[in-house]
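All remarks here apply to the structure that follows.
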Amino acid sequence: MAGIADALLDLYQASGQIRFLKAVQRVGGWLLRRARPMGHEQQGVGWERNVGGDLNAAFWCHGSAGIASFLLHAAQQKVLPSAIEIACKAGKAVAEGTRWAGPSRCHGLSGNIELFLDLYKLTGNEEWLQAACTFARILEAYATEEDGMRLWLSDEGPAMISPGFLLGYAGIAATLLRLGSLNKSLEASISRLF
């Protein structure tokens, strides 16, 4: 639902049509009301997979990271009050609850690093940059060498290497390049991952 709302927000930005904005605000309001405390001392937030069900994992494809990405977009456009506050709480849930994840952008460390970088960009809070760097160090464990190239294992299967963007090493490489571009002192650390 957050992904659809995010696309509708893009449509509103491109067209100026209020019907898209109203849909974004309805979905955004529903998501804000459905946020549930989770994590250490209940400082993070998550969302139920189904109404009344268990909280979803904190991933980009189906959880706090993806919903927070939409909320950050809404906060940037100033169309959803309290979006930034809830996005930051979702970021806490992601930081606390997904260090065990695989490497992918879709439902793993790379996608969560992207959220931390977005949070850092919007808030300027160094905590988010630190979280991104921590997850990048964990991501290193999934790297392998093949024919002189640094690649990452895919979430598609055990010991499988894929060039895909969401489940393979292309998305991971894009994330690491973005992380390295934010701070020259990080550049050397990131370059050794390639």
Can you tell me which residue among VAL94, VAL79, VAL45, VAL51 is out of contact with any strand residue (DSSP E or B) (no Cβ under 9 Å at 6 or more places or on another chain), surrounded by 14 or more Cβ atoms within 10 Å (Cβ to Cβ) and among the β-branched types (Val, Ile, Thr)? VAL79
Of all residues in the stretch 54-67, which are more than 11 Å from HIS107 (Cα to Cα), surrounded by fewer than 24 Cβ atoms within 10 Å (Cβ to Cβ) and among the hydrophobic types (A, V, I, L, M, F, W, C)? LEU55
Filtered residues of the stretch 104-121 (kept if among the polar types (S, T, N, Q) and either under 15 Å from ALA90 (Cα atoms) or part of a loop (DSSP other than H, G, I, E, B) (or both)): SER104, ASN112
In the stretch 56-103, what residues are within 14 Å of the chain's Cα centre (by Cα), modelled with pLDDT of 95 or more and charged (D, E, K, R)? LYS89, LYS92
Could you list all residues from the stretch 122-134 that are without any contact (Cβ under 8 Å) to a residue 40 or more places away in the chain and either of a type in the set (Phe, Trp, Tyr) or assigned to a helix (DSSP H, G or I) (or both)? THR123, GLU126, GLU127, TRP128, GLN130, THR134
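Residue-wise test of (1) among the acidic types (Asp, Glu); (2) at pLDDT below 85; (3) under 16 Å from TRP60 (Cβ atoms); (4) surrounded by fewer than 17 Cβ atoms within 10 Å (Cβ to Cβ).
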position	(1), (2), (3), (4)
THR144	no, no, no, yes
LEU153	no, yes, no, no
THR175	no, no, yes, no
GLU187	yes, yes, no, yes
SER191	no, yes, no, yes
For the stretch 88-103, give me each residue that is in contact with a Ser or Thr (Cβ under 7 Å, 6 or more places away or on another chain) and in a loop (DSSP other than H, G, I, E, B). PRO103
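To keep it simple, each residue is scored yes or no on (1) closer than 17 Å to VAL94 by Cα; (2) assigned to a loop (DSSP other than H, G, I, E, B).
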| residue | (1), (2) |
| --- | --- |
| ASP6 | no, no |
| ALA14 | no, no |
| ARG19 | no, no |
| ALA23 | no, no |
| GLY28 | no, no |
| LEU32 | yes, no |
| PHE59 | yes, yes |
| LEU71 | yes, no |
| ALA75 | no, no |
Looking at GLU127, is it more than 11 Å from the chain's Cα centre (by Cα), under 30 Å from LEU153 (Cα atoms) and not hydrophobic (A, V, I, L, M, F, W, C)? yes
Being within 21 Å of ALA75 (Cβ to Cβ) and either of a type in the set (S, T, N, Q) or out of contact with any helix residue (DSSP H, G or I) (no Cβ under 9 Å at 6 or more places or on another chain) (or both) narrows it down to one of GLY46, GLY29, GLY52, so name that one. GLY29
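The values are calculated or read from the model by the stated rules, or taken from the named source; none is laboratory data. This structure is a prediction, so every number in the text was calculated from the model and none was measured. All Cβ positions, glycine included, derive from the backbone under ideal geometry; neighbour counts span all protein chains shown.
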